[in-house]
Amino acid sequence: MEWLLRMLLLVSVLLGITAYTPLSDETLNSLPAAGADFDIKTGSILAPILIPRVPGTPGNTAVQQHFVQWFKNNLPKWTIEFQNSTSITPATGNKMVPFTNIIVTRDPPWTKPGDVGRLSLAAHFDSKLTPAGFIGATDSAAPCAIIMHAARSVDEALTKKWEAMQAEGFAGLEEEKGVQILFLDGEEAFVSWTNTDSLYGARYVVFSALKAFADVADPWPKLGNPLLMLLCRPSTTLSPPFHYSSFSTSSEQPTRLCHHISKLHTGHTKSLLVLNCD
C-alpha cells in the first residue's frame, strides 16, 4: 500500500504545476507515509472505516461521522457538503434506502463558486450487504483513508502557496485550481451488479449535474469545473488501481498519468515527470 499512498500524494501535488517537470527520486521518497494512522486496529484514519457500512445502516452513518469529524479536527479549512438521495433496491422492495455522498473541498480563498477548476479524488465508502459482516477493507475502506492522508499531506503546502500568491498580488491572475474529494455511497450492488443495482451515489452525482444544466448557468454546482477526476480503488492485481476521467480538451494527460503510475508501481522512478493538469 505504501507505493499507492505515494502515488496519490504525487497526483495531489500536481496542483498548480504549469509544465512537465522532472522529479528526482529524492523528491518521490520524501513523500510522507501514513504511519500509525493506517493501523487496522488503532489507526485514527483507517480503523474507524473498517466496519460493515451498508447504506442505510448505523455502520454507514458512523463512517460518515468519522469523515466529517476528522476533517473538522484536522483540516478545518476544507468545506464539507452532503448530497443526499434515496432509492429502492432489489433487496429492500419498496422501502427507500438513503444514500449520502460527502463532498469535501479546498479552493483558493479568493475564488467564487464556479470559477475554480479542481483535481477531484473519488472513492466509495459503502460495503456489500452480503456476506453478512463483510468489511471491504480493500474495496474500499483503504482508498478512503489514503485520500484523507493525501489531503492532510498537501494542506499546509496549499495554504502557503495561496498566501504567497495573495501577498505577491498574483491571486486571480491565472486559472484557479482547488482540490475536491468525493466519498461516494452506494457503489456496491445489493443483489447483483446491474445498471440499476449499483453506483447509487455516483449516479446521483451525474443526475444532479445534468439537472443543473437546465436550472442554472453552472452545470457543476458541487463539482466545480473538474480538471481531472481520479477514482482510487486498490486491487490485488498488478495493474495500477486508478481509474480516471479527464474533463480537459486534451486526452494526453490521463494517458501520461497512467504511465507514470505504472512506473512508480514497479519501482522505476527514474525520469518520472510531473503531470500538467491544465
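Read-outs throughout are calculated quantities, based only on the coordinates presented, and are distinct from any laboratory measurement. Remember, it's a predicted structure, so these values are computed and weren't measured experimentally. Neighbour counts run over all protein chains shown; Cβ positions are idealised from the backbone, glycine included.
Could you grab the relative contact order for the range 38-98? Cα pairs under 8 Å, six or more apart, rounded to a whole percent.
In percent, rounded to a whole number, it is 20.
Tell me which chymotrypsin sites (Phe, Trp or Tyr not before Pro) from the range 106-202 have a DSSP coil assignment and no more than 15 other beta carbons within 10 Å of their own.
On the way: sites: Trp110, Phe125, Phe134, Trp162, Phe170, Phe183, Phe190, Trp193, Tyr200; in loops: Trp110, Phe125, Phe134, Phe170, Phe190, Trp193.
Taking the range 106-202 and a limit of 15 other Cβ atoms within 10 Å, the loop chymotrypsin sites (Phe, Trp or Tyr not before Pro) found are Trp110, Phe134, Phe170, Trp193.
Determine ³J(HN,Hα), in whole Hz, for all residues of the range 98-108 in sequence, where each value follows from phi through the Karplus function 6.51 cos²θ - 1.76 cosθ + 1.60 and θ = phi - 60°; x replaces Gly and Pro.
Those phi angles translate into x, 10, 10, 7, 10, 10, 10, 9, 10, 10, x Hz.
Step through the table entries Lys128/Lys177; Lys72/Lys95; Lys41/Lys72; Lys160/Lys211; Lys72/Lys161, compare each Cα-Cα distance with 28 Å, and write down the pairs that go over it.
Details: Lys128/Lys177 35 Å; Lys72/Lys95 33 Å; Lys41/Lys72 22 Å; Lys160/Lys211 37 Å; Lys72/Lys161 22 Å.
Pairs exceeding 28 Å: Lys128/Lys177; Lys72/Lys95; Lys160/Lys211.
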